[in-house]
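Student: Quick one: the structure is below, and I'll ask about it shortly.
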Amino acid sequence: MLEVSRSGYYKWLSEKANLNRYQVRREALLARISWLFHDAKKRYGSPKITEMLRKEQWKVSERLVGKLMKENGMRSCVSRKFRVCTTDSNHSNPIAP
């Protein structure tokens, strides 16, 4: 039906069952990072996400969080703060009535 050999299927099944603790933890961490990133409307970078994960009792470094985010195409998009750009500091004299 799926045109997969029997040996290939059982190999895939055994590999999936034999995930080590490192891989399981990394997948869980990536899922949590992804949720936090999208919950913050893609504005949080690795420093803020690391801080939030540590508050949730995760033991992670900022480098690992940044690495996982980069591998999965998550990049923060921060808008610039509004800054007044005027050349005339005297606004009490209007040009037109």
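Student: Grab the beta carbon distance between A40 and N20, set R0 = 35 Å, and tell me the FRET efficiency rounded to 0.05.
Tutor: On the way: r = 31 Å, r/R0 = 0.87.
Here the calculated transfer efficiency is 0.70.
Student: Give me the one-decimal nm value for the distance between modelled label points at R83 and L29, 7 Å along each residue's Cα-to-Cβ direction.
Tutor: 3.6 nm
Student: Convert each backbone phi in region 47-53 into a coupling constant with the Karplus relation 6.51 cos²θ - 1.76 cosθ + 1.60 (shift: θ = phi - 60°), then list the ³J(HN,Hα) values in order as whole Hz, x for Gly and Pro.
Tutor: Each residue's phi maps through the Karplus curve to give x, 5, 5, 4, 4, 5, 5 Hz.
Coordinate-derived values only; no laboratory data. Keep in mind that this is a model prediction, so the values were computed, not measured. Positions of Cβ are backbone-derived with ideal geometry, glycine not excepted, and every protein chain shown enters the neighbour counts.
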